[in-house]
Amino acid sequence: MSRSVKWTLMFTALSITLLVAGCGKKSTKLEGTVTYLNAPLPRASIAFIDGKGQRVYGEVIDGKFSIPAVPTGDEIKVVVSTRAVREKYADLERRMAGPPPPKDAPKDAPSPPGPTVNPEHLEKIREIAELVKKLVPVPERYEKEETTPLVFKITSGMSDLAITLEK
């Protein structure tokens with residue numbers, strides 16, 4: 001095989017590889033805000049879902065999110081949920097409260113002692129308790145892929161997205 005044919009074949013193979021790689025899944029870094037009732041949403045989980053059902057998750061903290069690789073496309077669904085955050089912290093509160101009294105215990109019997117708390121974790125527990133007080137439930141339609149009305153065109157290089165949830 002001549003040298004020019006080898007170079008032509010290598011160049012063709014490289015071109016096809018680059019073309020195929022360029023046709024792959026595209027994504028963009030996306031930052032934005034989520035507001036509900038005209039105020040920043042204090043805490044939530046957020047998911048961006050492409051047409052193939054692939055999901056990218058992030059967190060909303062004080063109304064802001066930043067996700068390094070959101071899929072691009074004409075119809076990207078967005079799910080915003082405070083349910084998972086509320087359940088996570090409610091579970092933590094239940095565990096911190098200790099076990100419930102036995103079913104056959106007299107009504108005036110003291111509850112079993114709760115778990116002991118490491119003093120180093122006490123400040124974190126207080127922070128979590130304050131956070132739980134700030135959680136704002138959002139309408140259920142925003143929390144499910146099947147019912148969310150939030151659908152956006154996400155383009156390569158797009159860097160900011162403002163999401164407004166309505167009652």
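So the values come out like this:
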{"read-out": "Scan of the stretch 103-142 for residues that are at pLDDT below 70 and in a loop (DSSP other than H, G, I, E, B), ordered by number", "value": "ALA109, PRO110, SER111, PRO112, PRO113, GLY114, PRO115, THR116, VAL117, ASN118"}
{"read-out": "Breaking point among (1) in contact with a Lys or Arg (Cβ under 7 Å, 6 or more places away or on another chain); (2) within 19 Å of GLU145 (Cα to Cα); (3) at pLDDT below 95, for ILE61", "value": "(2)"}
{"read-out": "Residue check for LEU19: in a helix (DSSP H, G or I), surrounded by fewer than 11 Cβ atoms within 10 Å (Cβ to Cβ), modelled with pLDDT under 90 and not small (Gly, Ala, Ser)", "value": "yes"}
{"read-out": "Check on ALA69, within 15 Å of LYS134 (Cβ to Cβ), aliphatic (A, V, I, L, M) and assigned by TED's automatic domain parsing to the domain that holds GLU166", "value": "no"}
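The values are calculated or read from the model by the stated rules, or taken from the named source; none is laboratory data. Everything numeric here is computed off the predicted structure, so don't read it as measured data. Counting neighbours? That spans all protein chains shown, and the Cβs are built from the backbone with ideal geometry, glycine included.
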